[in-house]
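Notes for the one structure printed next.
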Amino acid sequence: MFGSLKKITFQPIMDGWIRRANVKDKVNGYSHHVAISGVHIFKRGYIGFILMDIDGEMTLEKVDYSVHESLDVMYDEFNKFVNIEKVKPVEN
């Protein structure tokens, strides 16, 4: 591993393509709450994942609610909650 991350940020334009991240409605074993528009919380026990979608840029943060602190998050955890699709190439 290249170091620990406390937050992962998805950017909609990468390597010449525009991509869209869509939050999944259901993930096995997690309850899904929508706090406000663009903020999704998935919880299992004391562990929660907070997804914030602001203008197509999405962040994922992992939180342990029993001790109120952020935990290290991995890219495969991001893929568990979000579907990423290629939309179109960037026009020059």
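Computed from the coordinates by the stated procedures, all read-outs in this text should not be read as laboratory data. Everything numeric here is computed off the predicted structure, so don't read it as measured data. Cβ coordinates were reconstructed from backbone atoms using ideal geometry, including for glycine residues, and neighbour counts include every protein chain displayed.
See the values below:
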| item | result |
| --- | --- |
| Mean separation of Cα contacts under 8 Å (6+ apart) over length of the chain, as relative contact order % | 37 |
| Segment 15-92: trypsin sites (Lys or Arg not before Pro) in DSSP loop, at most 12 other beta carbons within 10 Å | 26 |
| All lysines inside 20 Å of residue 88 as judged from Cα atoms, apart from same-chain residues fewer than 8 positions distant | none |
| Against the rule of thumb 2.2 N^0.38 Å, how large the Cα Rg of the chain comes out | 1.14 |
| Theoretical FRET efficiency, 1/(1+(r/R0)^6), r = Cβ-Cβ of residue 87 and residue 31, R0 30 Å, to 0.05 | 0.50 |
| Residue order, fewest to most surrounding Cβ atoms within 10 angstrom, among 82, 34, 27 | 34, 27, 82 |
| Proximal lysines relative to residue 6, as straight alpha-carbon distance under 23 Å, when same-chain residues fewer than 8 apart are discounted | 24, 43, 62, 80 |
| Net charge dipole size for the chain [Lys, Arg +1 and Asp, Glu -1 on Cβ; Debye, nearest 20] | 260 |
| Karplus (6.51, -1.76, 1.60) ³J(HN,Hα), θ = phi - 60°, over segment 42-54, in Hz, Gly and Pro reported as x | 10, 10, 9, x, 8, 9, x, 10, 10, 10, 10, 10, 10 |
| Sites matching chymotrypsin sites (Phe, Trp or Tyr not before Pro) across segment 1-85 that sit in DSSP coil, with at most 11 neighbouring C-beta atoms within 10 Å | 2, 46, 65 |
| Gain on full stretching of the segment that runs from residue 18 to residue 55 - 0.36 nm per residue minus C-alpha separation | 12.0 nm |
| 5 angstrom amide H check on residue 71, placed H, neighbours 5+ away | 62, 63, 64 |
